[in-house]
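Below is one structure, written out as structure tokens; comments come after it.
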Amino acid sequence: MFVGLGAGVSAQSLNAYKSKLGNTDPTYGSRVEVTEHGTAATAVRSMQNRSQPSEIWGYRVRIFFDNSQNARTLANQAMNRFKEIYPDIPVYMVYDNPYFKVTVGNCLTEDEARILQGKIQGAFDRAFPIQEKISMSLLGESSASQDSGQ
């Protein structure tokens, strides 16, 4: 039997948990015996020592990309228009030579991005979902739109 443990569990609390499981239950007289296999114990220790990622793969909706001579101006216009219509959805502009790109939202799944695409499709008919790395600190952000390289 395996009981899922959070990544922040220390080795001491894991040992205390195993010890607690080994105590005889006063009501039923039963107890649990924990046997760790080498690879499982190594995997648990590895997860305990691993730091949390600062970025994960998620999805955003691209509303603009262009590499023309006036692409920066057009990207700023698209970003400002989006902010006016959808002030609660984060918006990001990046320059990825030779393109200016404007993306919106911080979605964990492609389905979530497609729902966002459907919501904005009337105002941005060329919008499409893309997979992109998203900073963990931005997940759940909804009130303040940003101009960022994330």
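The values are calculated or read from the model by the stated rules, or taken from the named source; none is laboratory data. Computed from a prediction, not measured in an experiment: that's the story for all the values here. Cβ atoms come from the backbone with ideal geometry, glycine included; neighbour counts cover every protein chain shown. What goes into the accessible areas is simple: the full protein's heavy atoms, side chains included, and nothing from ligands, DNA or RNA. Shrake-Rupley method; radii C 1.70, N 1.55, O 1.52, S 1.80 Å.
The set of residues from the stretch 127-137 being open to solvent by 20 Å² or more (accessible area, probe 1.4 Å), more than 9 Å from the chain's Cα centre (by Cα) and among the hydrophobic types (A, V, I, L, M, F, W, C) comprises F128, I130.
Contact map, the stretch 31-54: residues that are open to solvent by 100 Å² or more (accessible area, probe 1.4 Å) and modelled with pLDDT of 70 or more paired with residues that are of a type in the set (S, T, Y) and not in a helix (DSSP H, G or I), Cβ distance under 8 Å, separation 6+ or inter-chain. Pairs shown: R31/T24.
Among F82, F124, F64, which is open to solvent by less than 80 Å² (accessible area, probe 1.4 Å), in a helix (DSSP H, G or I) and either among the aromatic types (F, W, Y) or touching a residue at least 24 places away in the same chain (Cβ under 8 Å) (or both)?
F82
Of the residues making up the stretch 87-121, those that are without any contact (Cβ under 8 Å) to a residue 40 or more places away in the chain and part of a loop (DSSP other than H, G, I, E, B) are N97, P98, Q121.
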